[in-house]
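Structure first, commentary second.
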Amino acid sequence: MNPSNTSKNYIKCAYSNCQNKMAQNPNVSYFSLPKDPTNRVKWIENCGITIPDAFHKKSLKVCGEHFDKIMFLNDLHNRLHSHAIPRHFI
């Protein structure tokens, strides 16, 4: 078994109430939270992430289903604009 494929099986979307996992939804892209502190806080707030110390967790990912189409750089929806922000969790 390829170790790089195994780690992908554990990627889960951090957006509140989203059940998407890379192993079950391989056609959905997953994005790390931005390094810029201001944008990172916006992502955490918009995603409804309540995990303790979420700001410092490097492993959090948000799936592409939570972004408007205009936030993507291409039609494959696998690259985001640098200013991309997920839709606000309701």
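The values are calculated or read from the model by the stated rules, or taken from the named source; none is laboratory data. Keep in mind that this is a model prediction, so the values were computed, not measured. Using ideal geometry, Cβ is built from the backbone for each residue, glycine included, and neighbour counts are taken over all protein chains shown.
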Within the stretch 62-75, residues in contact (Cβ under 8 Å) with a residue 24 or more places away in the chain and surrounded by fewer than 18 Cβ atoms within 10 Å (Cβ to Cβ) come out as Glu65
Flagged in the stretch 50-88 as modelled with pLDDT under 95 and closer than 16 Å to Lys12 by Cβ, in numbering order, are Thr50, Ile51, Ala54, Lys57, Lys58, Ser59
Within the stretch 6-61, the residues that are touching a helix residue (DSSP H, G or I) at 6+ places or on another chain (Cβ under 9 Å), in a helix (DSSP H, G or I) and small (Gly, Ala, Ser) are Ala54
Restricting the stretch 15-33 to residues that are of a type in the set (Ser, Thr, Tyr) and within 17 Å of Ile51 (Cα to Cα), the one surrounded by the fewest Cβ atoms within 10 Å (Cβ to Cβ) turns out to be Ser32
